Amino acid sequence: MPNKISKRIASGLTTAGLLLAIGLIKAPTVLAETIIDRMQQGITDIDLPSAGTDVETASQLIVGKVLNTFLSVFGILFLVLIIYGGYKWMMASGREDEVQKAKDTMRAATIGLIIVLSAYAISYFVAQALQSATTAK
């Protein structure tokens with residue numbers, strides 16, 4: 001009797017493992033397709049200046065959309081690196097060298113995010129200061 005139960009449990013775990021593996025293989029493909037679709041949609045939404053539009057306003061819109069796209073990509077990359085680092089940490093099983101590698105990955109991702117957001121904040125501040133200095137009130 002215990003042999004039948006252990007076979008059923010093993011069969012159930014195998015089935016669950018296969019379903020999980022199929023899901024993990026398919027999920028990145030779907031996620032990548034979604035990201036690519038969003039990036040293509042962002043590119044097609046850019047309104048290039050035509051003969052009847054204000055070139056300065058149109059160029060500001062283009063630069064804003066490009067910056068928004070880059071920030072979105074960096075945000076997604078940060079999230080992926082944090083999840084990867086967390087996964088590596090969980091799978092380290094207490095091995096200090098693996099735990100340290102996972103911590104280093106998460107630390108590097110956080111530092112990268114801080115650098116990107118700082119660069120955006122500085123460029124935004126400079127652009128606002130230049131715009132207010134050159135605009136007559």
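What the table shows:
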| read-out | value |
| --- | --- |
| Members of the range 88-113 that are farther than 17 Å from Ser72 by Cβ and aliphatic (A, V, I, L, M) | Met90, Met91, Ala92, Val99, Ala102, Met106, Ala108, Ile111 |
| Cβ-Cβ under 8 Å pairs, at least 6 apart or on other chains, the range 76-101 side β-branched (Val, Ile, Thr), far side in a helix (DSSP H, G or I) and surrounded by fewer than 14 Cβ atoms within 10 Å (Cβ to Cβ) | Ile76/Ile35 |
| Residues within the range 68-85 that are out of contact with any helix residue (DSSP H, G or I) (no Cβ under 7 Å at 6 or more places or on another chain) and among the aliphatic types (A, V, I, L, M), tallied | 5 |
| Of all residues making up the range 92-137, the number that are surrounded by 10 or more Cβ atoms within 10 Å (Cβ to Cβ), of a type outside the set (A, V, I, L, M, F, W, C) and part of a helix (DSSP H, G or I) | 15 |
| Positions within the range 47-91 being of a type in the set (D, E, K, R), at pLDDT below 75 and part of a helix (DSSP H, G or I), in sequence order | Glu56 |
| Every residue from the range 78-125 that is charged (D, E, K, R) and touching a Ser or Thr at 6+ places or on another chain (Cβ under 7 Å) | Lys88 |
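The values are calculated or read from the model by the stated rules, or taken from the named source; none is laboratory data. Because the structure is predicted, anything quoted here is derived from the model rather than measured. With ideal geometry, Cβ positions are generated from the backbone for all residues, glycine too; neighbour counts draw on all protein chains shown.
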